[in-house]
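The block underneath contains the structure these notes are about, expressed in structure tokens.
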Amino acid sequence: MQVINLKSPGGLDQLKLHEVEGPGEPGPGEIRVRLHASSLNFHDYIVASGKSPTEEGRIPMADGAGVVEAVGKGVTEFATGDHVVSTFFPHWLDGPARVADFKTVPGDGVDGYAREQVVRPAHWFTQAPEGYTHAEASTLTTAGLTAWRALVVDGGLKAGDTVLTLGTGGVSIFALQLAKAMGARVISTSSNEEKIARLEALGADNTINYREEPEWGKRVQALTDGRGADHVIEVGGPGTLPQSIDAVAIGGHISLIGVLTGRGGDIPTSKLMAKQARLQGLIVGSRQHQFEMIRALETTGIKPVIDCSFALDRIADAFRHQESGKHFGKICLEF
């Protein structure tokens, strides 16, 4: 089978395609999956680029979707031919958050899904949504579940709420789609007028060009008659958080998801305190959260927005496209 390995010390030129033997038959409690797709996330990029070091020869990619080829003894949840998608934290099955690092995350602490076949414990996967392609299903493991947890699990989203999304990456697009499907108002930001038009086509009620309006927090307040956003999908980190605090409603919820602008910086703590807002960090979600999200996706008919797909042997080109920032929605590998 084909597999991608990352040579130390990392870097996109160090992603190498190899031919290796298949993984063999699944043992008790395991399944063998023929993988057909993965999708790129910022976390995958920082691992592949060497910004977050991993072990020599690591197989990258946290997201994987495909078909069950064989089931081991004792497996009753899956059958041969089932379409499945991986989970981000294979050992966080349910309950409150219990993982604070990436030691168990495929593509980082353990080998991931940039390969054609894998044998793993059955609980590392869930069923894919009915009617989804493998590429569509592969977008759910990280980006889809992050947006779901931010809005629904942690945020308690309800109809009539106002949601602010930042940019046009996978998490933000999913958040826009989920919020609209659940009856919320959405305000979205971008610096690109073409992307702004696409956000509006997806249902964004208001859009803001953050280059033209660098104090976009004030604009959000104006658009909401001084109330602010009930939920903020904060993917930027220290470079955008002050504006998100300006934008959030009194008693609102800011989901701190990304660090696109850096890992540290000043936070206007007095303003956050005055807003009595909840600033909550999160990393994806549990297997139970994924079950609940998939049920919601099947009910609402939401399909992910896929920018483009690359073959497995073009994984470095896929990451370079991600690096360029030209994409809208998810970038996938299909193989």
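The values are calculated or read from the model by the stated rules, or taken from the named source; none is laboratory data. These numbers come from a predicted model, not from an experiment. Backbone-built Cβ (ideal geometry, glycine too); neighbour counts: all protein chains shown. Only protein heavy atoms, including side chains, enter the accessible area calculation; ligands, DNA and RNA are left aside. Shrake-Rupley method; radii C 1.70, N 1.55, O 1.52, S 1.80 Å.
Here the Kirkwood formula, the inverse mean of 1/r across different C-alpha pairs, assigns the range 243-335 a hydrodynamic radius of 16.8 Å.
Our analysis of the chain gives Rg over Rh at 0.97, with the two radii drawn from alpha carbon positions and Rh computed by the Kirkwood formula.
Reducing the range 22-38 and the range 197-260 to their Cα centroids gives an inter-centroid distance of 42 Å. Fraction of C-alpha pairs exceeding 21 angstrom in the range 1-85: 41 percent, rounded to a whole number.
For the range 1-146, the Kirkwood hydrodynamic radius comes to 15.3 Å, computed from all pairs of different C-alpha atoms. Site pair Arg227 and Val20 shows an inter-label distance of 5.3 nm when each label is modelled 7 Å from Cα along Cα→Cβ. Within the straight-line cut-off of under 17 Å between alpha carbons, the lysines reachable from Lys271 are Lys218, sequence neighbours fewer than 8 places apart in one chain being disregarded. Computed about its Cα centre, the charge dipole of the chain is approximately 660 debye, with only Lys, Arg, Asp and Glu carrying charge at their Cβ.
In the range 124-178, inverting the average of 1/r over every pair of distinct C-alpha atoms gives 12.2 Å as the Kirkwood radius. Loop-located GluC sites (Glu not before Pro) in the range 106-178 (DSSP state not H, G, I, E or B) with no more than 13 neighbouring Cβ atoms inside 10 Å: Glu130. Note on Lys158: lysines with a C-alpha under 19 Å away, same-chain residues under 8 apart excluded, are Lys180. Can you compute the FRET efficiency between Asp266 and Val99 using 1/(1 + (r/R0)^6), with r the Cβ-Cβ distance and R0 = 22 Å? Round to the nearest 0.05. Given R0 = 22 Å and the Cβ-Cβ separation, E is 0.20.
When a/c is below 1.5 the answer is rounded, else prolate if a/b is larger than b/c, else oblate, so apply that to the range 178-258 with a ≥ b ≥ c taken from the square roots of the Cα gyration tensor eigenvalues. In terms of gyration-tensor shape, rounded. Computed with a 1.4 Å probe over protein heavy atoms only, the accessible surface of the range 42-145 comes to 37 Å² per residue.
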